[in-house]
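Report on the following structure.
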Amino acid sequence: MTKIEPLGAVRERVLATLRQEIIAGRLRPGDRLVERELAERFGVSRVPVREAIRALVAEGFVLFETPRRTVVRRLTPTDVKELFELREALEVYAAGLASARAGEKDLAELAELLDQAAAATAVGDAETITDINTRFHDRILAMAGNSLLISVMEPVDGRLRWLTRQNEEWPQLLTEHRELYEAIASGDPNRARAHALAHVRANYRSTVRHLFGDGELP
């Protein structure tokens, strides 16, 4: 007997796939999302596809150019600035808390992620680097031990991953993460916050340069 996949599960599967394709750059800004084509591709009805697209609109990944035309959103300098302002406020605070509260197991997990990032950087595996870097920052948030902080980050987590993917200065990013790790491991919250601030701002400059060229900082 064939098991029927619940509609909600189908929606989540389509949503997760499309979201990851946008983050990874397989769906690029300006690309159209056509319900009929996507339904055929996933082998599902148009209803879960339509719901997934609406969720992507709510998450800020796509927009309705017209009632019949849905495209992957083009990030503006203001979009990037606002996301990084939020990231700066939350991640700098989280780094300070993590430095004060991290245990040996926490630090060992961060160190392991850095080793994985180094291996991916060595071969230029952009999608793996993005995934590991996201897990690195997620781990720091978890180490901070503040559930409200995590809940505030969740609605914009996908867009922040999308932005991280735009920064292709991978060796520099790895160096900054290693420095941030050392600062957190030192147990000095002030040092951790300072390194987190420097990292976010450097990442902001690199992202803007990649997306818009030099001289476009809003």
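The values are calculated or read from the model by the stated rules, or taken from the named source; none is laboratory data. Small disclaimer: the values here were computed from a predicted structure and weren't measured. So basically every Cβ, Gly included, is an ideal-geometry build from the backbone, and we count neighbours across all protein chains shown. Quick note on the areas: whole protein, heavy atoms, side chains included, nothing else; ligands and nucleic acids left out. Shrake-Rupley method; radii C 1.70, N 1.55, O 1.52, S 1.80 Å.
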Residues being farther than 16 Å from ARG69 by Cα, in contact with a helix residue (DSSP H, G or I) (Cβ under 6 Å, 6 or more places away or on another chain) and part of a loop (DSSP other than H, G, I, E, B) - total across the stretch 30-44:
1
Could you check, for the stretch 131-144, whether at least one of its residues is open to solvent by 50 Å² or more (accessible area, probe 1.4 Å), assigned to a helix (DSSP H, G or I) and more than 20 Å from ALA192 (Cα to Cα)?
yes
What about LEU149, is it part of a helix (DSSP H, G or I) and within 30 Å of VAL57 (Cβ to Cβ)?
yes
Out of (1) among the hydroxyl-bearing types (Ser, Thr, Tyr); (2) surrounded by fewer than 17 Cβ atoms within 10 Å (Cβ to Cβ); (3) under 16 Å from the mean Cα position of the chain (by Cα), what's the single condition that is false for THR164?
(2)
Which residue, of VAL71, VAL80, is part of a helix (DSSP H, G or I), in contact with a Leu (Cβ under 9 Å, 6 or more places away or on another chain), surrounded by 15 or more Cβ atoms within 10 Å (Cβ to Cβ) and among the aliphatic types (A, V, I, L, M)?
VAL80
What number of residues within the stretch 56-68 are within 25 Å of the chain's Cα centre (by Cα) and surrounded by fewer than 17 Cβ atoms within 10 Å (Cβ to Cβ)?
6
